[in-house]
Every structure is written in structure tokens, then in C-alpha cells.
1. Quick check for me: using +1 on Lys/Arg Cβ and -1 on Asp/Glu Cβ, what's the dipole size of the chain about its Cα centre, in debye to the nearest 20?
2. Report, in debye and to the nearest 20, how large the dipole of the range 78-146 comes out about its Cα centre when Lys and Arg carry +1 and Asp and Glu carry -1 on their Cβ.
3. To the nearest 10 degrees, how steeply does helix 3-12 sit against the main Cα axis of the chain, on a 0 to 90 scale?
4. Cross-link candidates for LYS139: which lysines have Cα within less than 21 Å, leaving aside residues fewer than 8 places away along the same chain?
5. Just want to confirm a number: the relative contact order over the range 9-125, from Cα pairs under 8 angstrom separated by 6+ residues, in percent.
6. Could you work out what % of the accessible surface of the range 9-146 is carbon and sulfur, using a 1.4 angstrom probe and leaving DNA, RNA and ligands out of the count?
7. Give me the net charge of ILE67's neighbourhood, meaning all other residues with Cβ under 11 Å from the Cβ of ILE67; Lys, Arg count +1, Asp, Glu -1.
8. As a check on your grasp of the helix formula, calculate [θ] at 222 nm for the chain: sum -39500 (n - 2.57) over DSSP H runs of n ≥ 4, divide by the residue count, round to the nearest 500.
Amino acid sequence: MDHDTAGKLRGLMRRCSIRNVRDDGEMQTCSVEVADGIWRDDVEVIMPFGFAAHVPADGALGIVLAIGGDEGDLVVLPIANPSTRMGGLKEGETAMYNRYGEKMLLSATGNVDLNAAAQVTVKGAGSVNVESAGSVSLKAGSGKLE
């Protein structure tokens, strides 16, 4: 393989640093550092359907993909931030979390664990149904339910 072809192949996909995440339009965009000191702005971030996140930019990393080999047409695959990642999951578990400690865990034991530091709000246009083969308990910090 010649040097020019090898360089083009290396440029198709690479690790990048992320900053300036903007989540105010139809698509999320960010600035990416594709090589030491070389930044590209307004690069689209591809998100999985049904999931949205605004990653903290301090330490955020991504994989940038040059569509059709064109480094002028970049997209970033879902962004990670290892410094805020929720770890310790067991095989098969899934979670949603934020940098502040709130999380929803679909556990390996069949439980759904929801942890919020402040408030959990459930809204619906119709009724709210709770069905359980076991018991249902509700507790309030003051000892009464309102």
C-alpha cells in the first residue's frame, strides 16, 4: 500500500477530544480535536434512538468518522466521558445516569432501581397503574403520603 492510501485509511476513523457541545438545535454538535491542535467545529454527534445526553466536556472523548473518506464531512459516534462513567455493572445490566449521581438501573436480578437526589415526577394524561405479584409499599420522609 502506498503512503497516500495509508494516510487516507488512517483518516477515516480516529479518536478525538470533545469540547463546545451544543444541544440547542435539531442535532447535537461539538468541536473535535482530530489531531494535535487541529480542531473541527460544528461536527454532528450521532445519538442512539431513544437516548439523549449532553456529556460534560471535561475529559470527553469520541470516535470521529469521515463520511465517504471526506475529512470535511465528519460525524462523531456517541461520546463518552470516562471520568463520569457509571461502572460496576454486572453482565446484562443496563443503566442511565448523569454526572450528579442520579441513575436508573435495569439490574441482573430483575429489579429496576431508580435513584434521584431530589424528586421523581410521574405525569400522564390518563391513569397511573401499579401491578405487582408481590406487595406494594410507599413511604414518605415525613411518614405520611400526600
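1. Working: 14 positive and 20 negative charges, 143 e Å.
It comes to approximately 680 debye.
2. On the way: 7 positive and 6 negative charges, 43 e Å.
The calculated dipole for the range 78-146 is roughly 200 debye.
3. With both axes taken from Cα atoms, the answer is about 20 degrees.
4. LYS103, LYS123
5. For the range 9-125, the relative contact order is 19 percent.
6. Working: 5250 of 10280 Å².
On the range 9-146, the fraction of accessible area on carbon and sulfur atoms equals 51 percent.
7. Residues near ILE67 contribute -4 overall.
8. On the way: 1 runs with 10 residues, N = 146.
When only DSSP H runs of four or more count, the value is -2000 deg cm²/dmol.
The values are calculated or read from the model by the stated rules, or taken from the named source; none is laboratory data. Because the structure is predicted, anything quoted here is derived from the model rather than measured. In this analysis, Cβ positions are derived from the backbone assuming ideal geometry, glycine residues included, and neighbour counts consider all displayed protein chains. Surface accessibility is based on the protein's heavy atoms, side chains included, excluding ligands, DNA and RNA. Shrake-Rupley method; radii C 1.70, N 1.55, O 1.52, S 1.80 Å.
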